[in-house]
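Structure first, then comments.
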Amino acid sequence: MPGAEVKIEGAIATVRFDRGGNANALDHAMIDALETVARELSLNPDVSVIVLAGTPKIFAAGVDLKDARLWNPQGQAVSRHLSMNAGVRMSTAWRRLPQIVIAALEGPAIGGGAILALCADFRVMAEDAYLRFPEIRLGMTLGWGGLPLLTERVGAGRAKRILCCDETIGADEALTLGLADRKAAAGAALDEAQTWANEIAEIPPMSLRMTKSTIDAHARRNWAEGTEGDQFLLAKLLSEGGAG
């Protein structure tokens, strides 16, 4: 897919996405490409582990706020709802992959980029990488399934602090909070993730998939899924109308 490169070696698939600029922000084309890649990989019986990485300098600086295809500012409510929830469809595809997913983070992972990272089972963060969720300050809610994922990992109180105070979470703090699983030297996150992927790929694939599926069925009940997209649109409309 344009902007998303997939390389498969044995039981490991490495996905790298790169817009070629614009801070690797997630525009409609990149979101669509990432969703398509995830759905295709989900049907590949030979892949046991997927490594997801952005560019060597940046994972993703959030959603592209200038992409009219995402925000559809002139559209009717239903059309806008469909456009603005493209990210939900992408993140759901990554969250529901049957394979183990390891995100390799270099530099910033902001907003939608941070949510995409949370959709992985594990995260390897370079020592200069960081997570940030600025949605509330931008007049939006944390969408794309990010709210339950963040709350699941850090607890309700800390999730409120991270969101309401627009906290920047570096690699060391992310390890402490459970938002990261391993730390690597700057520039080495992808190598560390691939090394880890090779270790996991030695596990019999059926038991690996069944274990992930069972844990996710218990732990990842998205209690906000039914209304999250509606809240995201409503917050955006209120913000645009000056009532935020």
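The values are calculated or read from the model by the stated rules, or taken from the named source; none is laboratory data. This structure is a prediction, so every number in the text was calculated from the model and none was measured. Using ideal geometry, Cβ is built from the backbone for each residue, glycine included, and neighbour counts are taken over all protein chains shown. For the accessible areas, the whole protein counts, side chains as well, though only heavy atoms, and no ligand, DNA or RNA atoms are used. Shrake-Rupley method; radii C 1.70, N 1.55, O 1.52, S 1.80 Å.
What the table below lists for this structure:
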item	result
Identity of the residue in the stretch 128-143, part of a loop (DSSP other than H, G, I, E, B) and free of Cβ contacts under 8 Å to residues at least 60 places away in the same chain, that ends up nearest to Thr92 (Cα to Cα)	Leu142
Residues (part of a loop (DSSP other than H, G, I, E, B) and open to solvent by 20 Å² or more (accessible area, probe 1.4 Å)) located in the stretch 78-101	Arg96, Pro98
The lone exception for Ile102 - which of (1) out of contact with any Phe, Trp or Tyr (no Cβ under 6 Å at 6 or more places or on another chain); (2) within 22 Å of Glu199 (Cα to Cα) it fails	(1)
Members of the stretch 116-145 that are β-branched (Val, Ile, Thr) and at pLDDT below 95	Ile136, Thr141
Residue match in the stretch 49-65 (condition: among the β-branched types (Val, Ile, Thr), modelled with pLDDT of 95 or more and open to solvent by 10 Å² or more (accessible area, probe 1.4 Å))	yes
Where a residue in the stretch 3-17 is more than 15 Å from Ser48 (Cβ to Cβ) and its partner, wherever it lies, is in a loop (DSSP other than H, G, I, E, B) and open to solvent by 40 Å² or more (accessible area, probe 1.4 Å), with Cβ under 7 Å and at least six apart	Gly3/Asp18; Gly3/Arg19
Pick from the stretch 139-151, criterion more than 12 Å from Ile115 (Cα to Cα) and touching a Leu at 6+ places or on another chain (Cβ under 9 Å), ranking: least open to solvent (accessible area, probe 1.4 Å)	Gly139
Checking Arg132 against (1) over 12 Å from Phe59 (Cβ atoms); (2) surrounded by 15 or more Cβ atoms within 10 Å (Cβ to Cβ), the condition it does not meet	(1)
The listed residue being open to solvent by 10 Å² or more (accessible area, probe 1.4 Å) and either without any contact (Cβ under 8 Å) to a residue 24 or more places away in the chain or touching a strand residue (DSSP E or B) at 6+ places or on another chain (Cβ under 8 Å) (or both), out of Leu34, Leu43	Leu43
Subset of the stretch 1-17 that is open to solvent by 50 Å² or more (accessible area, probe 1.4 Å) and modelled with pLDDT under 95 - its residue that is nearest to Leu208 (Cα to Cα)	Met1
Enumeration of residues in the stretch 177-215 that are assigned to a helix (DSSP H, G or I), surrounded by 12 or more Cβ atoms within 10 Å (Cβ to Cβ) and free of Cβ contacts under 8 Å to residues at least 60 places away in the same chain	Leu177, Asp191, Thr195, Met210, Thr211
